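Report on the structure given below.
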Amino acid sequence: MKSLIRWAGIRLSTPLLPLLTGLFLATSSPVIQAAGPVAPKGQVATKAQTPPVTKAKESTNQYGITMVDIPAGSFIMGSCSRQDAFMGTSDCLFPDSDASEDETPQHRVTVKAFQMSKTEVTLGQFKRYVRATGRTYLINDHFMNANAYGDDVPVVDVSWEDARDFIQWLNDTDGGGWRLPSEAEWEYACRANENRRFCTSAGDLSGGGWWDGNSNGRPHPVAQKTPNAFGLYDMSGNVREWVEDCRHENYRGAPTDGSAWTTQCKGIVRNDEHVLRGGFWGESAKGTRAASRGIELPGFRSLAGIRLARTR
């Protein structure tokens, strides 16, 4: 089976490992700098309408998964091009030279309070699930080769369907409410009350994320970089993260209440393709931006992992 990858406006069809890794590592990296709000002429750049960020409440479950309370609020989701800003497009508030069509139009989304996992699910936590459920068929040579960096590194080679099975186990054994985040919740938690290009507290990718400019060609243990303002680690880079939403060509018609968009799906190959967020360790900075979107078939295991959400 071939992997379907679309990331930062690029679509590739290729066996994922090892060819995909080599392709992304060969990508040149732009200069990394914080990008503050820039508004088109006649408009005022505004921050997300969220209460001031204070130290968030955290709770850790029996499996060592730490969840962070994310406050309710609203924010501007997506991106737009410098050309859109220059031409005075009404929905272009924060232009980005790397914006792609599927990140438009920018739109305000209101999100309810929820919980997000402080880090991606680690290999050690996933092993505990495999042992508890007897799903040792998941641990094949491909999986072991992709996860050869230690138990504190995010688990990868996990499909969207695998992620849903893991979440069902959590709901069965550790109370209800566990789920994947919606794409809007993910971006809201990533931006953490700031309209920056990356999911980092100061807009500095190298200080807050793993990408092809600093990863040395491999994933890294969780929580080694600086967290964002909500206290979440590795939202930009390290491994891609599944969300609940299926793929759409752009945000026209998207929900504005923070819920997952799971109807009227429009895939490139099939209409059940699902969205990945955050980029990964072998990606250029462009693919780790807060607005960047990737897609993959729901049953395909690739360089993607799991970040959990929970309804409070």
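The values are calculated or read from the model by the stated rules, or taken from the named source; none is laboratory data. Not measured: the values here are computed from a predicted model. Virtual Cβ from ideal backbone geometry, glycine too; neighbours counted across all protein chains shown.
Pairing each residue of the range 162-188 that is in contact (Cβ under 8 Å) with a residue 12 or more places away in the chain with any residue that is in a loop (DSSP other than H, G, I, E, B) and of a type in the set (S, T, N, Q), provided the two are 6+ apart or on different chains, yields C-beta distances under 6 Å for D174/N61; G177/T311; S182/S259. The residue that is farthest from W186 (Cα to Cα), counting only those in the range 113-131 that are in contact with a helix residue (DSSP H, G or I) (Cβ under 9 Å, 6 or more places away or on another chain) and not in a helix (DSSP H, G or I), is V121.
Please indicate, with yes or no, whether at least one residue in the range 257-278 is of a type in the set (S, T, N, Q) and within 30 Å of S215 (Cα to Cα). Scanning the range 257-278 turns up no residue that is of a type in the set (S, T, N, Q) and within 30 Å of S215 (Cα to Cα). Against the numbered list (1) at pLDDT 95 or above; (2) closer than 26 Å to L138 by Cβ, G253 comes up short only at (2). Residue pairs whose Cβ atoms lie under 8 Å apart, sitting 6 or more positions apart in sequence or on different chains, and linking a residue in the range 239-263 that is within 30 Å of D152 (Cα to Cα) to a partner that is modelled with pLDDT under 95 and crowded, with 23+ Cβ neighbours inside 10 Å, are V239/L303; R240/S302; R240/L303.
In the range 83-103, the qualifying residues are those that are in a loop (DSSP other than H, G, I, E, B) and of a type in the set (S, T, N, Q), and the one that is nearest to R196 (Cα to Cα) is S97. Only one of the listed residues (A189, A223, A163, A184) is within 21 Å of R240 (Cα to Cα), out of contact with any His (no Cβ under 7 Å at 6 or more places or on another chain) and assigned to a loop (DSSP other than H, G, I, E, B). That residue is A223. E194 meets the stated requirement of being at pLDDT below 95, touching a Lys or Arg at 6+ places or on another chain (Cβ under 8 Å) and closer than 17 Å to A184 by Cβ.
Taken together, the residues in the range 204-220 that are at negative phi and in a loop (DSSP other than H, G, I, E, B) amount to 10. Of the residues in the range 132-157, how many are of a type outside the set (A, V, I, L, M) and part of a loop (DSSP other than H, G, I, E, B)? Residues flagged as of a type outside the set (A, V, I, L, M) and part of a loop (DSSP other than H, G, I, E, B) within the range 132-157 amount to 9.
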